[in-house]
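Q: Have a look at the structure that comes next, please.
The values are calculated or read from the model by the stated rules, or taken from the named source; none is laboratory data. Computed from a predicted model, the values in this text were never measured in an experiment. When we count neighbours, we look across all protein chains shown, and the Cβ atoms used for this are built from the backbone with ideal geometry, even at glycine. Protein only, heavy atoms only, side chains kept; ligands, DNA and RNA dropped before computing areas. Shrake-Rupley method; radii C 1.70, N 1.55, O 1.52, S 1.80 Å.
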Amino acid sequence: MTTRTPYRPSAGEAVEDLAAELWKAVSAADERAATDAVLRALDDGLAPESVLIDVIASVQGRVGEEWAANRLTVAEEHAATAINERAVAALSVHPAARTNPDRGRITVACVDGEWHALPARLLAEVLKLRGWHVDYLGAQVPSPHLITHLHRTDTDVVALSGSIATRLPAAHAAITACQAVGVPVLAGGAAFGPDGEYARLLGADAWAPDARAAADRLARAPLPRPQHDHQPIDDLPHLGDQEYSMVSRSSTSLVRTVLTALEDAFPAMRAYSDQQRERTAEDLAHIVEFLATALYLGDADLFTRFITWTARILTARGVPAHSLPPALDILARELKDFPRAARTLEHGIDALAPDHRNTAGKTV
């Protein structure tokens with residue numbers, strides 16, 4: 001008989017071990033191994049909130065990094081995300097995660113057009129653990145349906161999640177609509193910027209960088225009730241020049257024009273397969289969409305960050321990024337009568353190639 005106490009890892013070690021085990025499972029697309037690892041950790045006493053944030057959210061961040069570096073395919077990234085979502089679902093029904101709501105009611109929803117639901121789901125589960133009654137509405141919630149839900153429930157706060165910056169105009173509409181019916185909005189997610197600058201710009205009542213910080217913010221004090229006379233144009237007076245509206249409405253024709261002009265600049269494109277042309281058109285559509293969003297926000301830096309990120313993604317996939325400056329030059333030529341758009345495109349070109357200087361009508 002031994003009196004030796006079995007070794008039990010510290011909380012930090014347990015988190016590291018579980019993260020490694022979960023990463024191995026999602027990398028192998030092994031859903032059973034992933035959920036078994038999470039449930040076993042909970043059985044062993046690891047805090048559910050730590051599993052959600054320090055393990056599952058951390059592993060999901062690594063999934064995104066691996067995709068960006070072209071070490072995971074789109075299909076593998078989707079599979080990994082689905083397995084992480086399944087792990088969250090398994091955790092949510094474990095006895096360690098059961099709580100009695102005693103704080104208030106909060107609606108958690110993704111911005112209209114936002115399909116990345118895992119951050120919102122993680123937040124919903126953390127808030128449940130903290131004692132909130134949570135209405136989790138999931139991905140892509142159109143603002144009218146969100147407002148209908150608020151009318152039918154006694155919601156204290158809306159937590160609005162967004163991961164893709166191009167959905168920020170829709171987020172602005174949702175924030176304004178929620179506030180118009182007297183419900184404050186807590187914004188979160190990568191779309192709102194690393195320090196929440198776009199959440200503040202769009203008039204959100206609060207911002208948090210992650211689920212734990214959001215729960216802590218709500219625990220400190222109630223969010224202030226919004227002013228009823230607030231109008232979106234009050235946040236973004238530069239929209240009066242109509243550049244955002246004109247660029248967003250003409251996006252299809254802009255993509256078509258740039259694609260045709262690029263074929264003249266790069267004759268090899270004429271031999272592209274239908275799939276290659278479709279991919280190129282999709283890339284150009286993203287460029288125009290981010291340009292429009294930068295115009296909406298009045299922030300050229302958003303476009304610059306996107307275009308340099310795009311160059312890194314293309315390079316990681318072995319696709320030459322040298323066509324990006326000419327594409328931006330062509331766009332600048334088409335939008336020469338739109339000063340803010342032209343300046344935004346010039347900043348993007350300069351960021352891609354510091355020695356490149358854009359001149360309207362010139363393609364390099």
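Q: I'd like the residue in the range 87-102 that is part of a loop (DSSP other than H, G, I, E, B) and free of Cβ contacts under 8 Å to residues at least 40 places away in the same chain and, out of all such residues, is least open to solvent (accessible area, probe 1.4 Å).
A: My answer is Thr99.
Q: Out of curiosity, is Trp132 buried (at least 18 other Cβ atoms within 10 Å of the Cβ) and aromatic (Phe, Trp, Tyr)?
A: Yes; evaluated as a whole, the condition is true for this residue.
Q: Mind listing whichever residues of the range 168-214 are under 16 Å from Gln227 (Cβ atoms) and of a type in the set (A, V, I, L, M, F, W, C)?
A: Ile175, Ala177, Cys178, Ala180, Val181, Val183, Val185, Leu202, Ala204, Ala206
Q: Could you please give the count of residues in the range 138-165 that are of a type outside the set (A, V, I, L, M, F, W, C) and under 17 Å from Ala204 (Cα atoms)?
A: Qualifying residue count for the region: 6.
Q: Let me ask you something else. Where in the range 106-208 are the helices (runs of 4 or more DSSP H), entirely inside, with at least 2 residues that are under 21 Å from Val63 (Cα atoms) and at pLDDT 95 or above?
A: In the range 106-208, the matching helices (runs of 4 or more DSSP H) lie at 118-129.
Q: Looking at the range 135-156, which of the residues that are of a type in the set (Val, Ile, Thr) and either in contact (Cβ under 8 Å) with a residue 12 or more places away in the chain or open to solvent by less than 20 Å² (accessible area, probe 1.4 Å) (or both) is farthest from Ala180 (Cα to Cα)?
A: Of everything passing the filter in the range 135-156, Val141 is farthest from Ala180 (Cα to Cα).
Q: Now, a different point. Please state which of the following conditions Pro119 fails to meet, knowing it meets all the rest: (1) open to solvent by less than 40 Å² (accessible area, probe 1.4 Å); (2) at negative phi; (3) not assigned by TED's automatic domain parsing to the domain that holds Thr35.
A: The failed condition is (1).
Q: Does the range 297-315 hold any residues that are open to solvent by less than 10 Å² (accessible area, probe 1.4 Å) and either assigned by TED's automatic domain parsing to the domain that holds Tyr198 or farther than 18 Å from Leu202 by Cβ (or both), and which are they?
A: Of everything in the range 297-315, just one residue is open to solvent by less than 10 Å² (accessible area, probe 1.4 Å) and either assigned by TED's automatic domain parsing to the domain that holds Tyr198 or farther than 18 Å from Leu202 by Cβ (or both), namely Ile307.
Q: Further question: Has the range 216-229 got at least one residue that is within 24 Å of Gly203 (Cα to Cα), open to solvent by less than 90 Å² (accessible area, probe 1.4 Å), in the same structural domain as Ala174 (by TED's automatic domain parsing) and acidic (Asp, Glu)?
A: Yes, because at least one residue in the range 216-229 is within 24 Å of Gly203 (Cα to Cα), open to solvent by less than 90 Å² (accessible area, probe 1.4 Å), in the same structural domain as Ala174 (by TED's automatic domain parsing) and acidic (Asp, Glu).
Q: Could you please tell me which pairs satisfy a Cβ distance under 7 Å, a separation of 6+ or placement on different chains, a first residue in the range 278-297 that is in contact (Cβ under 8 Å) with a residue 12 or more places away in the chain, and a second residue that is part of a helix (DSSP H, G or I) and of a type in the set (Phe, Trp, Tyr)?
A: Listed pairs, sorted by first residue: Phe290/Phe303; Phe290/Phe306; Leu291/Phe303; Ala292/Tyr244; Ala294/Phe303; Leu295/Tyr244; Tyr296/Tyr244; Leu297/Tyr198.
Q: Right, here's the next one. Provide a single number: the residues in the range 259-296 that are of a type in the set (A, V, I, L, M, F, W, C), in contact with a Pro (Cβ under 9 Å, 6 or more places away or on another chain) and surrounded by 17 or more Cβ atoms within 10 Å (Cβ to Cβ).
A: Summing the residues that are of a type in the set (A, V, I, L, M, F, W, C), in contact with a Pro (Cβ under 9 Å, 6 or more places away or on another chain) and surrounded by 17 or more Cβ atoms within 10 Å (Cβ to Cβ) in the range 259-296 gives 3.
Q: Can we say Leu201 is open to solvent by less than 20 Å² (accessible area, probe 1.4 Å) and among the hydrophobic types (A, V, I, L, M, F, W, C)?
A: No: the conditions fail for Leu201.
Q: Ok, one more. Being at pLDDT 95 or above and of a type outside the set (S, T, N, Q) is the filter; apply it to the range 230-248 and report the residue that is surrounded by the most Cβ atoms within 10 Å (Cβ to Cβ).
A: Val247
Q: Only one residue in Glu76, Glu65 is surrounded by fewer than 18 Cβ atoms within 10 Å (Cβ to Cβ), within 20 Å of Pro119 (Cα to Cα) and in contact (Cβ under 8 Å) with a residue 40 or more places away in the chain, so which one is that?
A: Glu76
Q: Right, here's the next one. Can you name the condition, by its number, that Gly361 falls short on among (1) over 28 Å from the mean Cα position of the chain (by Cα); (2) at pLDDT below 95; (3) at negative phi?
A: Result: Gly361 passes all but (3).
Q: Which residue is nearest to Gln242 (Cα to Cα), if the candidates are limited to the range 321-358 and must be open to solvent by 80 Å² or more (accessible area, probe 1.4 Å) and modelled with pLDDT under 80?
A: Checking each candidate, the answer is Arg357.
Q: Determine whether Ala177 is open to solvent by 10 Å² or more (accessible area, probe 1.4 Å) and of a type in the set (A, V, I, L, M, F, W, C).
A: yes
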